Amino acid sequence: MAEPSGVTRAGASPAAARAAHVVLVGLSGTGKTTVGRRLAKELGRPFADADEQIELRSGRTIPDVFATEGEERFRELETEAIADLLDRPSPLVVAAGGGAVTRPATRELLARPGVVVVWLRASPQFLAARTDTTHRPLLAGDAEATLARHLTERTPLYAEVADLVVDVEPFHVDEGKPKRALARHIADRLREREAVVPPADGDAAASGATGVPVPGVPAALSTVHVQAGRVTYPVVVGPGARRSLDALVPASARRVAVVTQPGIGLEVPLDREHAVFTIGDGEPAKTVATVEELCRAWSRWGLTRADAVVAVGGGVVTDTAGFAAAVYHRGVAVVHVPTTLLGMVDAAIGGKTGVNLPEGKNLIGAFWQPHAVVCDTDALACGPNHAPDANSCSCVCQDNCGGNCGIGSTCNMSTCTCSVVID
């Protein structure tokens, strides 16, 4: 059995673990989800539950997956969900399923650099008295006997992946607010190990949190973490930000489809196999036909569900490529690289995707949150009179824009001469 405190897995130095994902493991009933939510609040970062992700991805409940496809298929889906979460560039707190460690592929994911695993440990007797078996198919019948067997089988596996071990039962002695106390204890232990970066304010909310570094992204760039429901992604802002694109594309993506328009002219560096797919110019290209053309071209090229799309351009590109990504293989990861000011502050943020019909604009679409947004302010240098800056927040007309350069306007910054005003 692992030591009860301070255990560091071989190769997982505290310095390397800074800003790491934190994954909670342990038997059913240890409170991974409840404690995980409180721990995320303590650390000022988003929370994700692997079981919830499986239900979202499959469109079925956990008991239904077990009943129709069996435990082996469930474990495959679980591995896929955990891999997706650990590929997110924003550091998360993740609650893994009780049996996640039984699959070697999942244990390999948990052994990655940049992942800190916390084992919540408790006795079968304690857990059986507190566990609702309604949504836990493996605990049907004699829950205590099943938990005892699971503990025997899984203890070596939990010990293999755990960086920290926390015994749950002592926190329930007084029955005050045990989950909150447990979450604070874990947060303190993690900070002692320098495994995580504390919130800048000590009270930062996960949504819109700033200052949390993203691995592979220079600290000189500004990063804002956006939480949209259960999805979290970074928005990286600054000159040359696109040079960090590879660090923001999912690690699982073997191929990347880059979608752009004629005249954009912004090259994006990628150190993996990629191809450029050019759609038509302007608003007329924002159609169902364009989405079909993209999807068919991606299919011929061999783009898979594990790969990614990068949209480089203004709102037409991010809207169209984002929608194509949402429907291709029922959803592939997309990273937006907006090249206009309006794209950076609006179109690329929030997961709004869609195309037009003759009857109206954006009548067909979906909310498909990006994996990341890269706002390279160098892209705003559209003329000799343009002076972009990472802190720019508004734009004023100089000559050819007719006074329509403000945020929320229809001005395309790649075709006009504007100057950015630093507030």
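The values are calculated or read from the model by the stated rules, or taken from the named source; none is laboratory data. None of these values were measured; they are calculated from a predicted model. Quick reminder, even Gly has a Cβ in these numbers, built from the backbone with ideal geometry, and neighbours come from all protein chains shown.
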Some residue of the range 217-224 being farther than 29 Å from Leu56 by Cβ, in contact with a strand residue (DSSP E or B) (Cβ under 7 Å, 6 or more places away or on another chain) and among the aliphatic types (A, V, I, L, M): yes
Hits in the range 249-278 - residues which are surrounded by 15 or more Cβ atoms within 10 Å (Cβ to Cβ), among the small types (Gly, Ala, Ser) and over 22 Å from Val214 (Cα atoms): Ala257
Residue pairs meeting the criteria (Cβ under 8 Å; at least 6 apart or on separate chains; first within 24 Å of Ala247 (Cβ to Cβ), in the range 345-374; second among the basic types (Lys, Arg)): His371/Arg88; Val374/Arg242
Odd one out for Ala128, checked against (1) more than 23 Å from Pro170 (Cβ to Cβ); (2) modelled with pLDDT under 85: (1)
Residue list for the range 243-261, filter: more than 18 Å from the chain's Cα centre (by Cα) and assigned to a helix (DSSP H, G or I): Arg243
Failed criterion for Ala326 (all others in (1) touching a helix residue (DSSP H, G or I) at 6+ places or on another chain (Cβ under 9 Å); (2) in a helix (DSSP H, G or I) hold): (1)
Any hit, the range 282-305, residues being free of Cβ contacts under 8 Å to residues at least 40 places away in the same chain, in a loop (DSSP other than H, G, I, E, B) and more than 24 Å from Leu245 (Cα to Cα): yes
Which listed residue is modelled with pLDDT under 90 and in the same structural domain as Thr260 (by TED's automatic domain parsing), from Val345, Val317: Val345
